[in-house]
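So the structure is just underneath, and the comments pick up after that.
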Amino acid sequence: MIKKEKKNVPLRLQKYFHMRVYLIIVFCFFCFSLPELQAQKISADEYINTYKDIAISEMKRSGIPASITLAQGMLESGNGNSKLTVTANNHFGIKCHTWTGEKVYFDDDKQGECFRKYDNPDESFVDHSDFLMKNSRYSFLFDYESTDYTSWAKGLSQAGYATDPNYSQKLIQLIENHDLSQYDTGVSTPKKEQQSIKNQKKSTNSEDFAPFHIDGYDIKENNRTSYIIAKSDDSYASLSKELDMMSWQLPRYNDAKPTDELQEGQTVYLQPKRRVAEKGKDKHTVGEGETMYSISQKYAIKVARLYTLNRMEIDAQPETGAVLNLRKKIKKQSIKNQ
């Protein structure tokens with residue numbers, strides 16, 4: 001029997017064949033895995049459904065509109081799919097600054113910039129609220145009501161939250177395209193029910209409309225601003241605790257100090273007051289004993305704005321019988337100060 005001589009394959013060819021086999025295996029794996037990887041990508045609707053509750057919770061704690069928080073999260077994290085979000089649970093692109101926790105480094109405006117790292121997404125949402133509340137350059141935002149997402153969006157851009165000149169427009173577009181403002185009411189309501197509530201509100205006196213309920217209090221509305229009537233044993237501190245609000249919120253919303261006492265029957269606004277009175281209430285004739293503060297509370301107007309609208313010096317008080325403007329600035333000084 002004649003044995004066939006075994007031919008030796010050159011080493012270079014062996015490596016070539018091995019490489020081809022390896023590439024084929026990798027290619028097949030990629031082809032089979034790609035659809036699965038794509039399916040794992042989070043959509044905008046999935047992002048909203050996942051994080052709307054924490055956004056609402058943070059709105060109640062901080063006053064930041066849930067719609068703004070969700071829109072910022074969607075924009076900054078690419079609906080939760082960005083490398084920074086996946087790696088560090090950082091949904092808002094917040095950089096390290098004075099951060100003492102874990103850190104990660106990514107290229108952003110500059111190479112190798114430091115970003116905050118969180119153990120879970122909820123920590124990122126809470127820190128986003130704290131970041132805005134504790135940073136003085138964002139303090140003016142908290143004068144806007146939680147339903148005024150337009151002012152919040154423009155304010156964030158004005159304060160320099162992002163370098164993109166179109167940042168505010170992008171936030172507003174996300175909010176309106178995905179109907180995120182529905183969460184600024186504090187609840188997630190189906191669209192049919194939302195329309196029913198809107199219709200009810202239009203056909204109901206604004207001061208009799210109660211958008212939500214707190215045990216023991218009737219929550220009413222004046223100039224599109226929610227309020228309650230204080231009881232004999234109420235204080236700003238006790239109400240803040242009852243409503244799960246920050247200690248500074250209620251005093252600021254009512255142009256007061258945290259140490260100011262509440263009187264039984266006093267109006268306590270649960271949201272920032274407006275810059276002008278509601279339509280149809282253009283002027284007010286000052287009654288005996290009325291002050292700029294009591295008038296501002298009556299019409300749910302910020303007291304500083306009431307002074308501005310009437311070109312009066314802060315702390316000056318109008319005479320009885322004087323007519324105050326509630327919506328437009330007066331052209332000439334027409335109010336005598338005591």
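No value in this document is a laboratory result; all are computed from the given coordinates. Every value quoted in this text rests on a predicted model; they were computed, and no experiment measured them. No Cβ is skipped: glycine too gets one built from the backbone with ideal geometry, and neighbour counts run over all protein chains shown.
Details
- The stretch 274-338: C-alpha gyration tensor shape, a/c 1.5 cut-off, then a/b vs b/c: rounded
- Separation in nanometres of the label points that stand 7 Å from Cα toward Cβ, at Q173 and I229: 4.8 nm
- Hz values of 3J(HN,Hα) by residue in the stretch 295-310 - Karplus curve (6.51, -1.76, 1.60), Gly and Pro given as x: 6, 5, 6, 5, 9, 6, 10, 4, 5, 5, 5, 5, 5, 5, 4, 10
- Distance between the stretch 79-103 and the stretch 257-288 - C-alpha centres, whole angstrom: 41 Å
- For S226, the residues whose amide H sits under 5 Å from its own are L270, Q271, ignoring neighbours fewer than 5 places away on the same chain, with H placed 1.01 Å from N.
- Scalar couplings 3J(HN,Hα) for the stretch 315-321, obtained by applying the Karplus form with A = 6.51, B = -1.76, C = 1.60 to θ = phi - 60°, are 6, 6, 10, x, 7, 4, x Hz; x denotes Gly and Pro.
- Inter-probe distance in nm under a simple model that places probes 7 Å from Cα toward Cβ, at D107 and D122: 3.6 nm
- Proximal aspartates and glutamates to K220, defined as alpha-carbon separation beneath 14 angstrom and excluding residues fewer than eight positions away on the same chain: E207, D208
- A straight chain from S294 to T308 at 0.36 nm per residue would run longer than the Cα-Cα distance by 3.4 nm.
- Cα-based equivalent ellipsoid, the stretch 223-338: semi-axes from gyration tensor eigenvalues, Å: 27, 14, 12
- Rounded FRET efficiency, nearest 0.05, which uses the C-beta distance separating E261 from N166 and R0 of 51 Å: 0.60
- Between K95 and L243, the modelled labels are 3.6 nm apart [label points 7 Å from Cα along Cα→Cβ].
- Contact order, relative form, for the stretch 240-338: 26 percent (alpha carbon pairs under 8 Å, 6 or more residues apart, mean separation divided by residue count).
- Cross-link pairs beyond the 21 Å C-alpha cut-off, checked among K154/K279; K83/K103; K110/K134: K154/K279; K110/K134
- Under Karplus coefficients 6.51, -1.76 and 1.60, residue-wise ³J(HN,Hα) of the stretch 249-256 in Hz, glycine/proline x: 5, 4, x, 5, 5, 10, 6, 10
- Dipole-positive endmost among Y105, A88, Y118 within the stretch 37-145 (Cβ charges, Cα centre): Y105
- Efficiency of FRET between Q317 and K283 - r from beta-carbon atoms, R0 22 angstrom, step 0.05: 0.80
- Only the Cβ atoms of Lys and Arg (+1) and of Asp and Glu (-1) were treated as charged; on that basis the dipole of the stretch 44-185 about its Cα centre amounts to roughly 380 debye.
- Dimensionless Rg ratio for the stretch 44-185, taking C-alpha atoms and the 2.2 N^0.38 Å reference: 0.96
- Peptides 249-256, 99-106 ordered by packing proxy, namely the average of other Cβ atoms within 10 Å per residue, highest first: 249-256, 99-106.
- Taking amide H as placed 1.01 Å from N in the peptide plane, I301 has its amide H under 5 Å from the amide H of R274, each at least 5 places away in sequence or on another chain.
- With a cut-off of 14 Å between beta carbons, the residues surrounding Q263 carry a summed charge of -4, where Lys and Arg count +1 and Asp and Glu -1.
- Summarising the amide proton neighbourhood of I219: residues at separation of 5 or more, or on other chains, whose placed amide H is nearer than 5 Å comprise I214.
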